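*Asks:* Here it is, the structure in full.
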């Protein structure tokens, strides 16, 4: 019997939680950062991601926006890609779902990353589904809140999660934000459009690429 998309998405969240973190890869769905997290933070983040994904199960013609990995201010804290605490209320409102939980104890003291600000400023009226090539937060040795680019091995380890997502959601096309995301998106029977990553001076090219991507849908 073929499992319903919602059940497969629940399996996906559990799959991410079961993937082992490392000294330089924080698993927000299983691990706790005692410096910023509440005691039930991993469960809250699993609930947030599950609620977010299920909001797309009854939608068609979904665009998947694929990034590299969670940032220190984004899904590492909330469980939802490209979405720090400051975006959660807007996101739940636009998806018409119950409010997301807050997993951290210092939410008011944080700010969104530059990448998430650019992405949220470029969003179309019809929300895409956010995801990352690696769904755990890559950081440098001894500096858990310093972002780094995920390795090829880490991307390979997280490919099954992307495969499960695409099978459940069946997106019509993928917007690959940066070359890392473009490489991770290869091999699926889904059209891929590359756009410049907004970091390191790429904001204008990113916005232009997103605008062109939107025109192609009309």
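*Asks:* May I ask you to list the residues in segment 184-210 that are in contact (Cβ under 8 Å) with a residue 40 or more places away in the chain, over 14 Å from residue 65 (Cβ atoms) and assigned to a helix (DSSP H, G or I)? Outline the logic, then answer.
*Replies:* Taking segment 184-210 and keeping what is in contact (Cβ under 8 Å) with a residue 40 or more places away in the chain, we get 184-185, 190, 197-199, 203, 206-207, 210.
From what is left, the residues that are over 14 Å from residue 65 (Cβ atoms) are 199, 203.
Within segment 184-210, 203 is the sole residue that qualifies.
*Asks:* Within segment 97-114, is even one residue in contact with a strand residue (DSSP E or B) (Cβ under 9 Å, 6 or more places away or on another chain), at positive phi and touching a residue at least 40 places away in the same chain (Cβ under 8 Å)?
*Replies:* Here is the first cut: in segment 97-114, the ones in contact with a strand residue (DSSP E or B) (Cβ under 9 Å, 6 or more places away or on another chain) are 103-105, 110, 113.
Next, only the ones that are at positive phi stay: none.
Scanning segment 97-114 turns up no residue that is in contact with a strand residue (DSSP E or B) (Cβ under 9 Å, 6 or more places away or on another chain), at positive phi and touching a residue at least 40 places away in the same chain (Cβ under 8 Å).
*Asks:* If you take the residues of segment 132-154 that are surrounded by fewer than 19 Cβ atoms within 10 Å (Cβ to Cβ) and assigned to a strand (DSSP E or B), which of them is modelled with the highest pLDDT?
*Replies:* 140
*Asks:* Return the residues of segment 47-59 that are under 22 Å from residue 171 (Cβ atoms) and touching a residue at least 24 places away in the same chain (Cβ under 8 Å); say none if nothing qualifies. Steps first, answer last, please.
*Replies:* To start, the set of residues in segment 47-59 that are under 22 Å from residue 171 (Cβ atoms) comprises 48-59.
Selection gives 48, 49, 50, 51, 52, 53, 54, 55, 56, 57.
*Asks:* Looking at 7, 20, 43, can you tell me which residue is farther than 28 Å from residue 170 by Cβ, outside any loop (DSSP other than H, G, I, E, B) and either touching a helix residue (DSSP H, G or I) at 6+ places or on another chain (Cβ under 9 Å) or free of Cβ contacts under 8 Å to residues at least 40 places away in the same chain (or both)?
*Replies:* Working: 7 fails: farther than 28 Å from residue 170 by Cβ; 20 fails: outside any loop (DSSP other than H, G, I, E, B).
Being farther than 28 Å from residue 170 by Cβ, outside any loop (DSSP other than H, G, I, E, B) and either touching a helix residue (DSSP H, G or I) at 6+ places or on another chain (Cβ under 9 Å) or free of Cβ contacts under 8 Å to residues at least 40 places away in the same chain (or both) holds for just one of 7, 20, 43, which is 43.
*Asks:* Can you tell me which residue among 16, 64 is surrounded by 20 or more Cβ atoms within 10 Å (Cβ to Cβ), farther than 26 Å from residue 143 by Cα and at pLDDT 95 or above?
*Replies:* On the way: 16 fails: farther than 26 Å from residue 143 by Cα.
So the residue among 16, 64 that is surrounded by 20 or more Cβ atoms within 10 Å (Cβ to Cβ), farther than 26 Å from residue 143 by Cα and at pLDDT 95 or above is 64.
*Asks:* Further question: Within the bounds of segment 155-177, is there any residue that is farther than 29 Å from residue 10 by Cβ and either modelled with pLDDT of 95 or more or in a helix (DSSP H, G or I) (or both)? Reasoning before the result, please.
*Replies:* Kept after step one, since they are farther than 29 Å from residue 10 by Cβ, are these residues of segment 155-177: none.
Looking for residues that are farther than 29 Å from residue 10 by Cβ and either modelled with pLDDT of 95 or more or in a helix (DSSP H, G or I) (or both), one finds none in segment 155-177, hence no.
*Asks:* Return only the number of the condition from (1) within 24 Å of residue 38 (Cα to Cα); (2) crowded, with 24+ Cβ neighbours inside 10 Å; (3) at pLDDT 95 or above that residue 51 does not satisfy.
*Replies:* Evaluating residue 51 over (1) within 24 Å of residue 38 (Cα to Cα); (2) crowded, with 24+ Cβ neighbours inside 10 Å; (3) at pLDDT 95 or above leaves (2) as the failure.
*Asks:* Just the residues that are buried (at least 21 other Cβ atoms within 10 Å of the Cβ), out of contact with any helix residue (DSSP H, G or I) (no Cβ under 7 Å at 6 or more places or on another chain) and outside any helix (DSSP H, G or I), please, taken from segment 87-131.
*Replies:* 128, 130
*Asks:* Taking residue 84 as the residue in question, decide whether it is crowded, with 21+ Cβ neighbours inside 10 Å, within 29 Å of residue 200 (Cβ to Cβ) and at pLDDT 95 or above. Before you say what the answer is, go through the steps one by one.
*Replies:* Working: crowded, with 21+ Cβ neighbours inside 10 Å: yes; within 29 Å of residue 200 (Cβ to Cβ): yes; at pLDDT 95 or above: no.
Judged against the criteria, residue 84 is not a match.
The values are calculated or read from the model by the stated rules, or taken from the named source; none is laboratory data. Worth saying up front: this structure is predicted, and the values here are computed from it rather than measured. Here the Cβ is made from the backbone with ideal geometry for all residues, glycine too, and neighbour counts use every protein chain on show.
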